[in-house]
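Following: one structure in structure tokens, then a few remarks.
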Amino acid sequence: MSRELPAAAGHTPASVRILGPGPSCRPQEPRARSRLISRPAPPAWPCAPVPTSPDPSAATSEGWSRDAVAPAACSPWVLARAHASPRARPRPCPWTPDKAQRTEPRVDTMDRGALPQVVALLLAVCSLSPTSLAETIRCDLQPADPKVTYATSQVSEGCVAQVPNTNLEVHILFLEFPRDVSELKLTIQRSKQNGTGPREALLVLSTNKTAFVRLEAPGIPLRLAYDPQLIIFQETPRVNTTGLPPFTSKRHLFKWANTNGSIASAAELKDPESILLRLDQAQTAPSSCSLEPHVDMGHTLEWQPRAGASVRGCRLEGVAGHKEAHILRVLPGRDTGRRTVTVKVELSCASGDPDAVLILQGPPYVSWLIDANHNIQFWATGEYTLKIFPERNIPGYMLPDTLEGLLEEAQRLNASVVASYVELPLASDVSLQAHSCGGGLQTSPMPVQTTPPKSCNQELLMSLIQPTCSDDVMTLVLKKELISSLHCTVMSLTFWDSSCQADDRDDHLVLRSTYSNCGMKVTENVVSNEVVVNLLSSSSPQRKKVHCVNTESLSLRLGLYLSPHFAQASNTIELGQQGFVQVSVSPMIPEHVFQLESCHLDLGPDTDTVELIQSHTAKGSCVSMLSPSPEGDMRFSFLLRGYMVPTPKTGTLSCTIALYPRIWSQEVQKTVSMRLSIVSPGMPGKTLVLPAVLGITFGAFLIGALLTAALWYIYLHTRPPSKREPVVAVAAPASSESSSTNHSIGSTQSTPCSTSSMA
């Protein structure tokens with residue numbers, strides 16, 4: 001506002017404008033305000049004293065001294081920073097316009113030469129005031145009770161690649177756990193693809209300790225490769241699985257994974273609690289995946305560490321009141337692309353809103369989405385949005401990027417307690433939970449690490465009970481080490497018939513029985529029983545149904561055919577020839593799903609094994625999966641290489657069938673094999689198969705008939721009426737033509753990945 005001072009007699013009236021803090025004397029205010037948010041009052045920035053009257057010696061009619069007004073009225077447009085250190089905040093001068101005093105008329109006669117001395121005195125007083133709040137802050141950070149969890153895409157080692165032209169994309173997770181047994185939630189997602197079906201993915205899980213995994217991958221064609229001795233799924237996944245060979249280094253695992261498909265991502269995670277893996281293609285990623293330290297996986301992977309963040313707090317000495325500050329600092333990462341951090345704040349307040357401020361500091365490319373259960377004060381860098389007003393982007397403030405600077409900011413905002421101070425890597429979601437509600441510092445004692453007693457995890461223990469079935473025997477094995485890590489004490493382990501108890505061996509509990517004992521229920525194809533576990537921590541026994549597939553009643557047949565009609569089976573194949581294979585299972589069990597797990601052709605010790613199918617997928621361009629027969633038999637075709645050194649004469653074709661029961665979680669595999677004779681093109685004495693014999697016979701008959709007709713036609717039209725000509729003279733060209741034709745029929749040409757062609 002503007003007010004005019006009254007003019008003294010004989011002097012020209014002087015106009016003095018008393019202004020509020022201008023743009024250069026206060027921090028930038030946001031353009032929009034929320035009624036639910038209280039803001040701190042802008043600080044009173046100190047200003048350099050400047051004359052406000054053309055005649056400082058003139059006195060007003062009411063006795064105001066212009067000499068007093070001139071040095072005391074601080075111009076809002078001139079900041080007095082010359083006296084402060086580079087990090088110091090300006091301090092208010094000890095004189096403000098409301099402190100002006102009436103002066104006697106003798107003041108008007110003050111020598112104008114005294115004005116510079118007054119100005120110098122006031123500046124000296126300002127310079128003697130504390131130049132920086134940091135010099136007076138006393139804050140001993142100690143572990144505090146608030147809990148902070150977060151999800152991040154930062155990994156200690158990893159890579160992301162763009163692999164658009166591949167039939168199978170591979171994702172690798174290296175999991176490191178500090179405990180013997182850990183739990184992990186693993187979620188796989190893929191966005192909907194327009195016009196194309198989802199591409200199959202192979203997920204490789206490598207871990208150093210035992211992990212119980214809860215997998216969620218709805219509607220995704222997924223294959224898993226893992227060590228079943230270390231990774232146990234709480235529910236057997238309804239996806240294709242394969243065993244992971246033991247590897248001594250990540251490089252060896254990478255090499256193995258490359259033989260199955262193109263590696264799209266790989267990451268090393270230390271003690272994860274949950275993982276979200278998105279199978280969408282990274283648009284800006286390189287074409288190959290090579291492990292690098294400290295990588296931001298971006299949209300591809302987000303994970304939540306089990307331990308959470310380290311939270312510290314302190315009491316700010318010299319500040320009265322009960323206001324508390326929560327300071328969250330997000331450290332910059334390698335990726336500088338814009339991103340939003342969702343911050344959820346839950347304060348436990350019995351009544352009313354707390355007297356608290358949330359300070360959010362991060363890189364300039366980070367914005368914030370704040371979800372708080374109480375009305376509190378916010379102070380953030382960049383832009384921030386409130387969840388209750390998602391359409392409003394509120395500009396933030398410039399905040400220090402150091403611990404001392406943020407503590408100074410909390411003290412300047414009149415906070416007496418720093419309830420939580422947290423430094424996090426670049427995160428996507430942060431959750432802050434505090435049980436205090438203003439005024440009190442809840443610290444956690446550090447001196448003695450005490451381990452509270454843990455109860456037995458019965459759910460995980462029962463998931464360990466997985467029977468194996470072979471030779472009419474059901475067997476269950478429990479490792480004592482895993483039982484101990486779950487804090488369980490097993491008193492007894494039996495079948496439904498309590499007389500069949502587990503054997504206590506060195507490091508295992510083994511429960512086994514034949515299909516005819518211990519209360520087994522045997523049907524045509526399934527054997528069932530119940531396992532009873534008595535625990536020390538439970539008053540009632542735990543029970544679980546177990547099943548076995550009676551594979552003895554199943555018959556597998558493997559047939560090789562030389563035509564896609566599957567009409568005549570054969571046990572002989574020629575190099576360079578295409579073979580068609582059919583695998584039949586009888587009887588077909590409605591409760592089971594049959595899948596072709598793997599097939600290979602063993603050509604002897606001197607020749608490499610030809611892999612035909614691996615993990616339900618055709619291996620190479622010379623192998624094709626075919627539609628099943630009307631009866632549901634599994635089919636595929638392959639093309640045998642035309643040249644091999646040394647040339648094999650026999651081989652063994654083997655296929656493994658996987659049986660997946662529909663009503664319970666168990667996988668059963670069974671293998672069937674057949675011997676093959678292998679012949680080379682042009683091999684003397686090679687045996688002709690029936691289709692070839694029939695073809696040659698029919699061709700010879702047709703050629704003979706045509707030659708006979710031609711000779712008869714020539715004979716009728718060329719013989720003289722009175723003389724008969726011998727037909728021997730014209731037989732030679734026909735014989736020559738027949739010889740040429742037969743030679744053409746017998747010529748073949750083979751290539752490593754093509755069928756034999758006939759001229």
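Values quoted throughout were computed directly from the atomic coordinates according to the rules given, and no laboratory measurement underlies them. None of the values given here were measured: they were computed from a predicted structure. Neighbour counts are summed over all protein chains in view; Cβ atoms, including those assigned to glycine, are modelled from backbone coordinates with ideal geometry.
Some observations on this one:
- Stretchable slack from Leu716 to Thr402, in nm (0.36 nm times residue separation minus alpha-carbon distance): 101.6 nm
- Label zone of Gln595 (point 7 Å out along Cα→Cβ, amide N under 11 Å): in segment 242-285 this covers 242.
- Cα pair distances exceeding 27 angstrom across segment 266-415, given as percent: 35 percent
- Label zone (Asp507, point 7 Å along Cα-to-C-beta; backbone nitrogen cut-off 18 Å) within segment 203-245: 207-211, 227-232.
- In this simple spin-label approximation, Glu346 and Gln568 carry label points 7 Å from Cα along the Cα→Cβ vector, and these lie 7.5 nm apart.
- Each label was represented as a point 7 Å from its Cα along the Cα-to-Cβ direction; for Lys479 and Glu459 these points are 2.2 nm apart.
- Across Lys270/Lys454; Lys323/Lys344; Lys454/Lys479, pairs whose alpha-carbon gap is larger than 26 Å: none
- The relative contact order of segment 553-602 comes to 39 percent, based on Cα pairs under 8 Å that sit 6 or more residues apart.
- Paramagnetic reach from Gln283 in segment 152-171 [backbone N under 20 Å; point 7 Å along Cα→Cβ]: 160-166
- Note on Glu552 and Glu292: their simple-model spin labels are 6.0 nm apart, each label 7 Å out from Cα toward Cβ.
- Sites Lys250 and Ser621 - FRET efficiency at Förster radius 35 Å, r taken between beta-carbons, to 0.05: 0.75
- Segment 242-302 and segment 357-385 have Cα centres lying 33 Å from one another.
- Ordering of 199-209, 621-631 by burial proxy (mean other Cβ atoms within 10 Å per residue, highest first): 199-209, 621-631
- Residue-count net charge about Val522 - beta-carbon cut-off 12 Å; Lys, Arg +1, Asp, Glu -1: -2
- Each listed q (0.22, 0.34 Å⁻¹) maps to a log10 I(q)/I(0) for segment 519-561 from the Debye sum over equal C-alpha point scatterers, namely -0.78, -1.12.
- Sorting the segments 498-510, 328-340 by their residues' average number of neighbouring beta-carbon atoms within 10 angstrom, most packed first, yields 328-340, 498-510.
- Reduced Cα scattering model of segment 274-340, Debye log10 I(q)/I(0), q = 0.19, 0.21, 0.22 Å⁻¹: -1.00, -1.15, -1.22
- Pairwise FRET efficiency - Leu369 versus Glu216, Cβ, R0 = 30 Å, nearest 0.05: 0.75
- Fraction of alpha-carbon pairs over 27 Å apart in segment 465-586 - percent: 42 percent
- Mean Cβ count within 10 Å, highest first, over the residues of peptides 352-358, 170-176: 170-176, 352-358
- Computed from the C-beta positions of Asp606 and Ser540 and an R0 of 56 Å, the FRET efficiency is 0.35 to the nearest 0.05.
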